[in-house]
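I have placed the structure first, in the form of structure tokens, so that the comments after it can refer back to it.
The values are calculated or read from the model by the stated rules, or taken from the named source; none is laboratory data. Small disclaimer: the values here were computed from a predicted structure and weren't measured. So basically every Cβ, Gly included, is an ideal-geometry build from the backbone, and we count neighbours across all protein chains shown. The protein model used for the area step is the full one, side chains on, heavy atoms only, and it has no ligands, DNA or RNA in it. Shrake-Rupley method; radii C 1.70, N 1.55, O 1.52, S 1.80 Å.
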Amino acid sequence: MLSLALPKRSWAHKLPASVKFGVLAVLMVGLMQFGTLTGQLIGLALAAGLTLSLGLAAGKIALQALRPVLWIVAVIVIWHFWQREFSQGAVFGIRVVAMVGLANFVTLTTPLPEIIALVERLAQPIRHFGLSPRLPALAVGLVLRFIPELRARYAAMTDAWRARSPRRPRTKLVAPLAFSLLDDADHLAEALRARGGIAPLPTRRDRHGT
């Protein structure tokens, strides 16, 4: 769902990131408050309509991002149906898909630098505790950047396994994937240190030179 910015600009790119995320938060709360199936279907239709307004390419990207979520939703919905909680299961499944769809729309139309800048502005209050607002901003940026990279790397490893063996890899790819991510973390840390890292906020003693 994350770091899926469209290569071309759309009408939604013109909206400030703060506005899009603010509306997203309101819609999320609304979907949680309205527990009816009709309310969830309206949210799902809104997510689908907004995404398709960006073009068919955006729709394909959004569907691809939804694919991992659908498996989790399917398991939970089947469990509810098994417990004969048909209405609750349907409401939950549609709600999750609608929420992810709305979040996809926001990330599709908001470049990563704008998201990082917004997080840094929202994190300004942590300055009072001696922490830099750049810390959570950088953390969010790294998560948004590397989730698609993680999925792409796992897919590449799976393809390489299938080219060499007719059997399914199952959990055999977990270790090499983890080691590759740790290696990337080391390279990233070195790159950050080479650029000065994230300098901590100056203390009161440093500011006064005492």
Subject >> With Cα atoms, 0 to 90° folded angle of helix 112-122 axis to the chain main axis >> reply: 70 degrees
Original post:
Of Thr110, Thr171, which has the most accessible area and how do the rest follow, probe 1.4 Å?
Top reply: Thr171, Thr110
**OP:** Give the distance, in whole Å, between the Cα centre of segment 107-181 and the Cα centre of segment 2-77.
**Re:** 20 Å
Original post:
Hey, what number do you get for the chain at 222 nm if only DSSP H runs of n ≥ 4 count, each worth -39500 (n - 2.57), divided across all residues, to the nearest 500?
Top reply: -24500 deg cm²/dmol
Original post:
Could you give the length gained on full extension between Val75 and Asp186, defined as 0.36 nm per residue of separation minus the Cα-Cα distance, in nm?
Top reply: 36.3 nm
Original post:
Near Lys8, which aspartates and glutamates are there with a Cα under 16 Å away, not counting those fewer than 8 places off in the same chain?
Top reply: Glu114
**OP:** Assuming 0.692 mPa s and 37 °C, estimate D for segment 21-155 with Stokes-Einstein, Rh taken as the Kirkwood radius over Cα pairs, in µm²/s.
**Re:** 196 µm²/s
Subject >> Crossing angle, helix 134-164 versus the chain [Cα axis fit, 0-90 degrees, rounded to tens] >> reply: 50 degrees
Original post:
Sorted by accessible area (1.4 Å probe), largest first, how do Ser53, Ser87, Ser165 line up?
Top reply: Ser87, Ser53, Ser165
Original post:
Rounded to the nearest 0.05, what FRET efficiency do Arg195 and Arg162 have when you use their Cβ-Cβ distance and R0 = 41 Å?
Top reply: 0.55
Original post:
How high is the FRET efficiency between Ser132 and Leu15 when r is their beta carbon distance and R₀ equals 22 Å, given to the nearest 0.05?
Top reply: 0.20
Original post:
How much accessible surface does Lys8 have with a 1.4 Å probe, in Å² rounded to 10?
Top reply: 130 Å²
**OP:** Could you please report the charge total around Leu27, scoring K, R as +1 and D, E as -1 over all other residues with beta-carbon less than 14 angstrom from its beta-carbon?
**Re:** +2
Original post:
Roughly how many debye, to the nearest 20, is the charge dipole of segment 115-189 about its Cα centre, given +1 on each Lys and Arg Cβ, -1 on each Asp and Glu Cβ, and no other charges?
Top reply: 440 debye
Original post:
Given a 1.4 Å probe and every protein chain left where it sits, what share in percent of the accessible area of segment 1-150 is carbon and sulfur?
Top reply: 74 percent
**OP:** With a 1.4 Å probe and every protein chain left in place, work out the accessible area per residue of the chain in Å², rounded to a whole number.
**Re:** 66 Å²
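Provide the packing ranking of 130-137, 73-80, 155-162, i.e. peptides ordered by the mean count of other C-beta atoms within 10 Å per residue, highest first.
Those peptides, ordered most packed to least, come out 130-137, 73-80, 155-162.
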Original post:
Helix 17-33 sits at what angle to the longest principal axis of the chain, using alpha carbons and giving 0 to 90 degrees rounded to 10?
Top reply: 40 degrees
Original post:
Simple spin-label model, 7 Å along Cα-to-Cβ: Glu85 to Leu122 in nm?
Top reply: 2.9 nm
